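A.B. asks: What follows is a single structure, and I will ask about it in a moment.
Nothing in this text is a laboratory measurement; each read-out follows from the coordinates by a stated rule. Predicted model only: the values in this text are computed from it and were never measured. Here Cβ is always computed from backbone atoms with ideal geometry, including for glycine, and neighbour counts include all displayed protein chains.
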């Protein structure tokens, strides 16, 4: 699910997407399961009248405007303590209605996820979990009906075990934080990108550098056990469609894991910095060809090679942020394609290595002959996008869409209109 909480997962005994009806029933009478800033109980949510619709929107927006949380519908409570499961309607029609109500009565619309947990003995009944992550778009308003106007915007926020309304000053402060967070994220991306480039071994080969910074940061535990688990996972990581493992070693850096593979002084090498807050940056040497035309020697790679590396990097970085650190929501992505690391705007000093050749994007015919695509060489191309972490981590349609947007901007720097045909060919 889009919301992760170590506290609630420990309380329930499993992640929200696998919790069972029996797990939820076991909360009854558990003093540790009392309502809190990230947990609320409702016996039922009808959302039939105007007041009920606003109340539902208020509960959801309040979580989004604070630390996130889970609304458990179908659970009776007494003074905040869950007392008994009271099965609620979990039919598709009812869930669609709740979705429509929340979308209609929150602005900007709150991102959330519903998970019905059916009672195994009663058809169409059970407990409904409404999970809401902390939102980078906060503050979210609720469209409430007022006496003097048809609708008015009000801003709720969860605090301890109850929901309060933000004052005008608090609303203004929340908007300022939203804008500052955008600037901070851009600066954070520049930092993780620069740190990776500074640590790369000297090279005169083309590189693809992909960097990501989540909107809602995570917090990865770094200890012996966590390192061993990450090491096992990363050493069994491969590029999309490949059987050969990508990384040959993993070490601990400052607030990060560093995974690497290949010969630092050879043709193949890649290195990924996977940060504690869910940020990440991965540099991969682009495996291509060397040719000569018009007395000019140059390196070149095929578009599908660039796309393949780009999609692989996005998936690994997204999975790190989502599952290893608990980061949520969207992530800012930057991709850079350079003829050598020193030509990146934040790259290291020019190395004393030869040859330092220009770089092109061309393609290879079935006959083995190069077919020119680029109208010019390019020392450094870059592109940016925003993608949902879940889409990247799960290698779904959103991963392909993000890679398509990024790849198009990269190849346009070489005079090529789009990389979409190559993405379609790669994902058939």
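A.B. asks: What's the exposure ranking of 222, 240, going from fewest to most Cβ atoms within 10 Å? Display every interim value, and only then the final one.
C.D. replies: Numbers: 222 14, 240 19.
If I rank by nearby Cβ atoms, fewest first, I get 222, 240.
A.B. asks: Something else now. Go ahead and collect, in residue order, the members of the stretch 254-296 whose backbone nitrogen is under 16 Å from a label point 7 Å along the Cα-Cβ direction of residue 370.
C.D. replies: Inside the label zone: 286-296.
A.B. asks: Evaluated at 4 °C with a viscosity of 1.567 mPa s, what Stokes-Einstein diffusion coefficient in µm²/s does the stretch 6-166 have when Rh comes from the Kirkwood expression over alpha-carbon pairs? Could you put the intermediate results ahead of the total?
C.D. replies: Details: Rh = 15.9 Å.
Here the translational diffusion coefficient equals 82 µm²/s.
A.B. asks: Of all DSSP beta bridges in the chain, what percent run antiparallel (nearest 5)? Provide the component values of the computation, followed by the final result.
C.D. replies: Numbers: 77 of 84 bridges.
About 90 percent, rounded to the nearest 5.
A.B. asks: Hey, another quick one. To the nearest Å, what is the center-to-center distance of the stretch 37-104 and the stretch 227-262, using C-alpha atoms only?
C.D. replies: Here the answer is 41 Å between Cα centres.
A.B. asks: Ranked by Cβ crowding within 10 angstrom, fewest neighbours first, how are 58, 79 ordered? Before the final figure, lay out the partial values.
C.D. replies: Details: 58 19, 79 8.
The order, fewest Cβ neighbours first, is 79, 58.
A.B. asks: Could I ask something else about it? Using the alpha-carbon atoms, what tilt in degrees (0 to 90, nearest 10) does helix 303-319 show relative to the longest principal axis of the chain?
C.D. replies: Computed tilt is about 40 degrees.
A.B. asks: What are the semi-axes of the equivalent ellipsoid for the stretch 179-426, taken as the square roots of 5 times the Cα gyration tensor eigenvalues, largest first, in whole Å?
C.D. replies: Details: eigenvalues 168, 76, 60 Å².
Its equivalent ellipsoid spans semi-axes of 29, 19, 17 Å.
A.B. asks: Helix 224-235 versus the longest principal axis of the chain: what is the Cα-based angle in degrees, 0 to 90, to the nearest 10?
C.D. replies: Here the helix axis deviates by roughly 50 degrees.
A.B. asks: Once both labels are modelled 7 Å past Cα along the beta-carbon direction, what's the residue 412-residue 96 spacing in nm?
C.D. replies: 3.9
A.B. asks: Using helices alone, I'd like the mean residue ellipticity at 222 nm for the chain: each DSSP H run of four-plus residues gives -39500 (n - 2.57), total over residue count, nearest 500.
C.D. replies: Details: 10 runs with 130 residues, N = 428.
When only DSSP H runs of four or more count, the value is -9500 deg cm²/dmol.
A.B. asks: Order of 414, 227 from fewest to most other C-beta atoms within 10 Å?
C.D. replies: Details: 414 20, 227 15.
So the residues, fewest neighbours to most, are 227, 414.
A.B. asks: If N is the number of residues in the chain, what value comes out of its Cα radius of gyration divided by 2.2 N^0.38 Å?
C.D. replies: Numbers: Rg = 25.1 Å, N = 428, 2.2 N^0.38 = 22.0 Å.
The chain yields a ratio of 1.14.
A.B. asks: Taking each pair of different alpha-carbon atoms in the stretch 195-280 once, compute 1/r for the pair, average those values, and report the inverse of that mean as the Kirkwood hydrodynamic radius in Å to one decimal.
C.D. replies: Working: mean 1/r = 0.0717 Å⁻¹.
Computed over Cα pairs of the stretch 195-280, the Kirkwood hydrodynamic radius comes out at 13.9 Å.
A.B. asks: Over the stretch 6-166, calculate the relative contact order: mean separation of alpha carbon pairs under 8 Å at least 6 apart, over the residue count, as a percent.
C.D. replies: Numbers: 339 pairs, mean separation 42.2, N = 161.
Relative contact order here is 26 percent.
A.B. asks: Any idea what the relative contact order of the chain is, in percent, if you count C-alpha pairs under 8 Å spaced at least 6 apart? Write down the numbers at each step before the final one.
C.D. replies: Values: 930 pairs, mean separation 54.5, N = 428.
With pairs under 8 Å counted, the relative contact order is 13 percent.
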